[in-house]
Amino acid sequence: ILFILTDQQRFDSMGCYGNHWIESPNLNSLADRSFVFDNAYVTQPVCTPSRSAIMTGLYPQTTGTTMNGIPLPTGTKTIAEMVSSNYIRAHYGKWHLGNDTVPQHGFDEWISIDGPTKLLHSSPEFEAIEADYTHFLRANGVEPPEYGVHYESWVANAGLTEKLTQASFLGNEATRFLRNYKKSANRNRPFMLYVSFFEPHPPYTGPFNELYDPSEIPVGPAFLEPPNNGSLVNRLRADYYLGGNLNPLGIEGGDFHDTTTESGWRKLRAQYFANVTLVDRNIGRIIETLKNTGMEDDTIIVFTSDHGEMGGDHGMLEKRSMYEEAVRVPAMIHIPWLSNRKTSIGGVFSQIDWVPTLLDLVNEQIPDNLDGQSRAPVFRGEASLEKNDVFLQWNGTGDRNLGTPEINQMISTPWRSIVTGDRWKLNLSTHDQCELYNLNTDPYEIHNSFNDPEHHSRILGMTARIRAELQRVGDATSLPIV
């Protein structure tokens, strides 16, 4: 199993999702021989909660990893602890589920990119351990961030060349793993390699800043349009960003952009997509090594991201929203013994299902306690996702300052959402304006139909399905009376 995870990558950043101008030849090539989910969703649109679900098959509310900075509990098993001990299990890159610098949760091999920052360490005994990427920077003549300085607050002014980025570092390390595995005495044992890239996560800058002309970047109807009929938390955030403000971490790190002008937003957006291309180049190196070592025909390849990026749509940046740009991600799986051509999977897919699906595909036992379920029958043509529902959550906690006291207050209210197979989305909160969107006729979520009387019966039915899911997984979050 080769599982490739990026950070903060929008679904519309690849050719198979309609982006025909971005340079992503390696992801396009992978899509051309994979099962591609038309509509794949995260469980919660922020790093730690989403990653915990991807690694465990459990909702963030179930594991308690409801915001960034909360370590995955020791007794909560990842997929690496569920497969047989015969597997060689490696995790390379961003972890964000606890002590990033030390092997844990069943992984035998470990390459770290995040050092001992205040956000990421969870145990004092590990604070002094430096990341592998830190040693790489020093070996190449670059002084890494000082102790306690977040990488995101450092890299914008670091002036890193392509060779020195975290993406290239992980490309190097992952290809080394594959070559060494093929030559080792363990080459007859199966491997599980998770490669977790930091990019295209902000800062919105990198070595390819000039790759795309900002004036030529296509935008949709929601670009720089504030969500006037949406939730208060989103209206506050749009006012903040459109008023010329940026994420406090970005400001701290010198990642400045003029968000009072369309040209400033376009430049930010172009540089964000350029970092997708940076990642694509290194994904290509990894997959090419897999091919050159003769292991491609025996290896499942998964590609996805932990959440999306608003990128100016609805006048907002980053994630922490139920809009499609934040919760819908690219997702595909190459299973060489089932298909070597592109197969689009309709309906809706949740990342809560990755763990049981992969266990099923490699004939490993699926634990009974998982919140997700195997979707392997879909790939064999035995089932469909057309009538599936996916459920999203926001757990009412903020891990850092988002700009104003009002935003920080409103981000603390929980949300529960459903996206149906027939493409309707309902977002419920007891303390904010609820939302209903028809993604068939309103894919950019411009019109909030929650208060339209003709949709009341639909809202009642969708709310009942959310309540049933909360009861199934033991989620006590309150919902509004609709």
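The values are calculated or read from the model by the stated rules, or taken from the named source; none is laboratory data. Only a predicted model underlies this, so the values are computations on that prediction, with no experimental measurement involved. Counting neighbours? That spans all protein chains shown, and the Cβs are built from the backbone with ideal geometry, glycine included. These accessible areas exclude ligands, DNA and RNA; they are computed on the full protein's heavy atoms, side chains included. Shrake-Rupley method; radii C 1.70, N 1.55, O 1.52, S 1.80 Å.
Can you work out D for segment 139-189 in µm² s⁻¹ from Stokes-Einstein, where Rh is the Kirkwood radius over C-alpha pairs, the temperature is 4 °C and the viscosity is 1.567 mPa s?
Values: Rh = 13.3 Å.
Stokes-Einstein gives a translational diffusion coefficient of 97 µm²/s.
Assuming 0.692 mPa s and 37 °C, estimate D for segment 321-431 with Stokes-Einstein, Rh taken as the Kirkwood radius over Cα pairs, in µm²/s. It would help to have the intermediate numbers written out before the result.
Working: Rh = 16.3 Å.
Using the Kirkwood radius from Cα pairs, D works out to 201 µm²/s.
For a protection proxy built on the mean count of beta-carbon atoms within 10 angstrom, sort 52-61, 404-413, 201-210, 323-332 highest first, please.
Numbers: 52-61: 27.4, 404-413: 15.8, 201-210: 20.8, 323-332: 25.7.
Packing order, densest peptide first, comes out as 52-61, 323-332, 201-210, 404-413.
I'd like the trypsin sites (Lys or Arg not before Pro) in segment 147-213 restricted to DSSP loop residues with at most 11 other Cβ atoms within 10 Å, sorted by number. Provide the component values of the computation, followed by the final result.
Working: sites: K163, R176, R179, K182, K183, R187; in loops: R187.
Here no trypsin sites (Lys or Arg not before Pro) fit, given the DSSP loop and packing criteria.
Once label points are set 7 Å from the Cα along Cα→Cβ at both E125 and R458, what is their separation, rounded to one decimal in nm?
5.5
Report the relative contact order of segment 165-257, percent, no decimals, based on alpha-carbon pairs under 8 angstrom and at least 6 residues apart.
Numbers: 27 pairs, mean separation 23.5, N = 93.
Dividing the mean separation by the residue count of segment 165-257 yields 25 percent.
List the aspartates and glutamates whose Cα lies under 17 Å from the Cα of K387, skipping any in the same chain that are fewer than 8 positions away.
Counting by Cα, and skipping residues close in sequence, K387 has these aspartates and glutamates nearby: D38, D353, D422, E469.
Subtract the Cα-Cα distance of S478 and D368 from 0.36 nm times their separation in residues, and report this length gain in nm to one decimal.
Values: separation 110, 0.36 × 110 = 39.60 nm, distance 2.61 nm.
Going from the current span to full extension adds 37.0 nm.
Keeping all protein chains in the complex and leaving out DNA, RNA and ligands, what accessible area do you get for Y151 with a 1.4 Å probe, in Å² to the nearest 10?
The accessible area comes out at roughly 20 Å².
Averaged over every viewing direction, what's the projected area of the C-alpha convex hull for segment 1-134? Give it in nm², one decimal, please. List each step's numbers first, then the result.
On the way: hull surface 38.2 nm².
Hull-based average projected area comes out at 9.5 nm².
Which of the peptides 464-475, 271-282 is most tightly packed, and how do the rest follow, judged by the mean count of other Cβ atoms within 10 Å per residue?
On the way: 464-475: 14.3, 271-282: 24.1.
Going from most to least packed, we get 271-282, 464-475.
Can you give me the solvent accessible area of V362 with a 1.4 Å probe, rounded to the nearest 10 Å²?
Its heavy atoms expose roughly 30 Å² to the probe.
Could you tell me the extents of segment 32-84's C-alpha atoms along the three principal axes, largest first, rounded to whole Å?
Over segment 32-84, Cα extents along the principal axes are 38, 31, 15 Å.
Over the chain, with every protein chain in place, what whole percent of the accessible area is carbon and sulfur at 1.4 Å, could you tell me?
Details: 8430 of 17610 Å².
About 48 percent, which is the carbon plus sulfur part of the accessible surface.
With viscosity set to 1.567 mPa s at 4 °C, what whole-number translational diffusion coefficient in µm²/s follows for segment 171-239 from Stokes-Einstein and a Kirkwood radius over Cα pairs?
Working: Rh = 17.3 Å.
D = 75 µm²/s.
Where nothing but the Cβ of Lys and Arg (+1) and of Asp and Glu (-1) is charged, how large is the charge dipole of the chain around its Cα centre, in debye to the nearest 20?
On the way: 39 positive and 59 negative charges, 218 e Å.
The calculation lands at about 1040 debye.
Set the bar at 25 Å for Cα to Cα. Now go through K77/K163; K163/K291; K183/K291; K77/K183; K94/K319; K291/K319 and name every pair that lies beyond it.
Beyond 25 Å between Cα atoms: K77/K163; K77/K183; K291/K319.
Tell me, what is the per residue accessible area of segment 1-89 in Å², probe radius 1.4 Å? Mind dumping the intermediate values first?
Details: 2300 Å² over 89 residues.
Value for segment 1-89: 26 Å² per residue.
Which log10 I(q)/I(0) values, to two decimals, does the chain give at q = 0.13 Å⁻¹ under the Debye formula with one point per Cα?
Log-scaled intensity ratios, in q order: -1.30.
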